[in-house]
1. Assess whether G18 counts as being modelled with pLDDT under 70 and over 28 Å from V185 (Cβ atoms).
2. Of everything in the range 46-68, what is at pLDDT 50 or above, among the aliphatic types (A, V, I, L, M) and surrounded by fewer than 16 Cβ atoms within 10 Å (Cβ to Cβ)? Give them in sequence order.
3. Consider L190 against the criteria (1) of a type outside the set (V, I, T); (2) touching a residue at least 12 places away in the same chain (Cβ under 8 Å); (3) more than 20 Å from G109 (Cα to Cα); (4) exposed (fewer than 14 other Cβ atoms within 10 Å of the Cβ): it satisfies all of them except one. Which criterion is unmet?
4. Before we move on, is I115 surrounded by 15 or more Cβ atoms within 10 Å (Cβ to Cβ) and either among the acidic types (D, E) or part of a strand (DSSP E or B) (or both)?
5. Could you look through the range 69-108, keep only residues that are open to solvent by 90 Å² or more (accessible area, probe 1.4 Å) and touching a Gly at 6+ places or on another chain (Cβ under 6 Å), and pick out the one that is farthest from A15 (Cα to Cα)?
6. Can you tell which of S121, S139, S183 is in contact (Cβ under 8 Å) with a residue 12 or more places away in the chain, more than 16 Å from the chain's Cα centre (by Cα) and open to solvent by less than 70 Å² (accessible area, probe 1.4 Å)?
7. Scan the range 31-45 and tell me whether some residue there is buried (at least 16 other Cβ atoms within 10 Å of the Cβ) and at pLDDT below 65.
8. Given (1) among the aliphatic types (A, V, I, L, M); (2) out of contact with any Lys or Arg (no Cβ under 7 Å at 6 or more places or on another chain); (3) assigned to a strand (DSSP E or B), identify the lone condition not met by I137.
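The values are calculated or read from the model by the stated rules, or taken from the named source; none is laboratory data. This structure is a prediction, so every number in the text was calculated from the model and none was measured. Reconstructed Cβ throughout: ideal geometry from the backbone, glycine too, with neighbour counts over all protein chains shown. Only protein heavy atoms, including side chains, enter the accessible area calculation; ligands, DNA and RNA are left aside. Shrake-Rupley method; radii C 1.70, N 1.55, O 1.52, S 1.80 Å.
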Amino acid sequence: MLRDLILGDFIRCHAAPGERQDSLSYQLSDMLTLFCLRFKGGQGDGTRSPEGIPAPWKDCAWADYAFTQACLHHLPQIKEKLVLSSVLCNACAMSLRPYTDGGGRECKGAKINLILERGDSVLNICEIRYSGEELVIDSEYAGKLRTEKEALRKHDSCGKSFRRTFITQHGVSKDSCCGIADSEVRLDDLFAG
C-alpha cells in the first residue's frame, strides 16, 4: 500500500544522508490532502475554513509549510539554479531527536526539510523559508542554523563538505549575518523558463 501511495504522489519517502534504505521516513505530499487536514482538522466536518487563515501571511505557519511543499515539488529547478543538473544528487530530509552521546554530552536535534546529497561528497543543506520580504538572518537564527549543521556533521561520519542554500520568496537580506549563505534560490527561479 505504501508503494501505491508513493507512486500516486500522495506521500514521499526518503532516507537521511548515509542511512540505509530500511530506515526510511515518510512525508505526506499531496497538496489537497494537506489542505483538507489543515482546514478541516481531519474531521471532515467543515468547521474550519480558509477564511480562518491568520493574518498577516508572514506569521502563518501554513504559508511556510505550503511554500516548503511547493519547493519540494520543484527539485529539478532548484538543482538547475544551483548548477547541479549534471551532478548525481539524492534529495532527502533529516529529523534528529536530541540525544546524549557516549561521552555524556547532550546533542541538540535538528530538522532539515531538504538535503541534496551530491555525488561529489558535498551535502547542500537547504533552508526553505517563506517570508513576505527579504529573509533577515539575525544572530539567534544563525546560531540555530549552526547547531543544525553540527548535528548533521555528527550524524554523517563520512567526512562530507557542507554548503548552506537558502530557498526563499525574495532572497536573503544583505544585512543578514555574514558567512551563513553559500547559495540562494528564489521563488522566481522555481518558475523560470
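1. no
2. Across the range 46-68, the qualifying residue is only A61.
3. Just one mismatch for L190, condition (4).
4. Considered against the rule, which asks whether it is surrounded by 15 or more Cβ atoms within 10 Å (Cβ to Cβ) and either among the acidic types (D, E) or part of a strand (DSSP E or B) (or both), I115 comes out as yes.
5. P98
6. That would be S121, the only listed residue that is in contact (Cβ under 8 Å) with a residue 12 or more places away in the chain, more than 16 Å from the chain's Cα centre (by Cα) and open to solvent by less than 70 Å² (accessible area, probe 1.4 Å).
7. yes
8. For I137, the exception is condition (3).
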